[in-house]
Amino acid sequence: MIIEGKNLSKYYGSGENKVIALNNANLKIKSGDFISITGPSGSGKSTLLHILSGLDTPSSGTVTFDGKDIYKTKDNELSAFRRRKVGFIFQQFNLLPVLTAKENIIMPLLLDRIQPDEGYLTEITDLLGISNRLTHLPSELSGGQQQRVAIARALITKPDVIFADEPTGNLDSKSGNEVLEILKNIWQTFGTAVVIITHDSSIAKMAERRLTIVDGVLSEVTS
């Protein structure tokens, strides 16, 4: 077991103005899982991802990593969890425009004052097909290449799980399909657990485990 969310709820406001974004959700993420979570806009997909990954606190329920409740730790411990144990891939690439591709990739390590493993850096950038673009600024890269840099950044700390929130949302269909194949290849090559949030059922079908969320209620799809 890597991460377990138990009885997770998230709501905003109170009384007649109360909005329930997540309603008593339960999810176990194990080593080597490839999980997709689908649902319409506003269904609670991103809320669930943010809570499981330490980006947002639940209104009720617990998130444990290796048995320890991440929201009962100190702020610096929670920040370390986010930097070292999980990797993030978002619809927006979130690359720093003044840094080269390589500098963007190794930024999470530098925040921890860790020197990059050059052999591992070469391995993942070769896998992603961007080893010849490392000296380029984001503005000199295509959308697909920028997303590959973002994926490399997510991988550089050797995380236990990668959370991908609509990772193909800003890409054309060709680049989007390439990114999805890369995520599947990463899962197969490194054994990293992958949790992908999407509204696209064809993307969801690539995963080993499929879940849906509607009006904040999470359920597993059985074959």
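Just so you know, all these numbers are worked out from the coordinates, no wet-lab data involved. Because the structure is predicted, anything quoted here is derived from the model rather than measured. A quick note on method: Cβ atoms are made from the backbone with ideal geometry, for glycine too, and the neighbour counts reach across all protein chains shown.
Where does the longest stretch of the chain lie that holds no trypsin sites (Lys or Arg not before Pro) found in a DSSP loop with 15 or fewer other Cβ atoms within 10 Å?
Details: sites that count: 18, 30, 74, 113, 205.
That would be 114-204.
Report the Stokes-Einstein translational diffusion coefficient (µm² s⁻¹, integer) for region 3-221, Rh taken as the Kirkwood radius over Cα pairs, at 25 °C with viscosity 0.890 mPa s. Could the numbers behind the result be given before it?
On the way: Rh = 17.9 Å.
Reported coefficient: 137 µm²/s.
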Practice prompt. Report, in degrees rounded to the nearest 10, the 0 to 90 angle that the Cα long axis of helix 75-84 makes with the longest principal axis of the chain.
Written response: 50 degrees
Worksheet item: What nm value, rounded to one decimal, do you get for the distance between residue 205 and residue 74 when each label is placed 7 Å out toward the C-beta?
Response: 5.0 nm
Worksheet entry | For region 126-141, Karplus couplings with θ = phi - 60° (6.51, -1.76, 1.60), whole Hz, Gly/Pro x | 5, 4, 8, x, 10, 5, 8, 10, 5, 8, 8, 7, x, 5, 9, 10
Worksheet item: Around residue 47, what is the net charge, scoring Lys/Arg as +1 and Asp/Glu as -1 over all other residues with Cβ under 13 Å from its Cβ?
Response: -1
Response to the item:
In nanometres, the difference between 0.36 nm per residue of separation and the alpha-carbon distance of residue 19 and residue 122 is 32.4 nm
Response to the item:
region 77-132 and region 164-179 have their Cα centres apart by a whole-number Å value of 19 Å
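Under the rule of -39500 (n - 2.57) per DSSP H run of 4 or more residues, summed and divided by the residues of the chain, what mean residue ellipticity at 222 nm is obtained, to the nearest 500 deg cm²/dmol?
Numbers: 7 runs with 75 residues, N = 223.
Per the formula, -10000 deg cm²/dmol.
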Worksheet item: Past the 25 Å Cα-Cα mark, which pairs from 6/30; 72/102; 10/184; 28/102; 45/68; 18/45?
Response: 72/102; 10/184; 28/102
Fill in: Given charges at beta-carbon only (K, R positive; D, E negative), |dipole| of the chain in Debye
360 debye
Fill in: For region 201-212, 3J(HN,Hα) per residue [Karplus equation, 6.51 cos²θ - 1.76 cosθ + 1.60, θ = phi - 60°, Hz, x = Gly/Pro]
5, 5, 5, 4, 5, 6, 7, 6, 10, 10, 10, 10
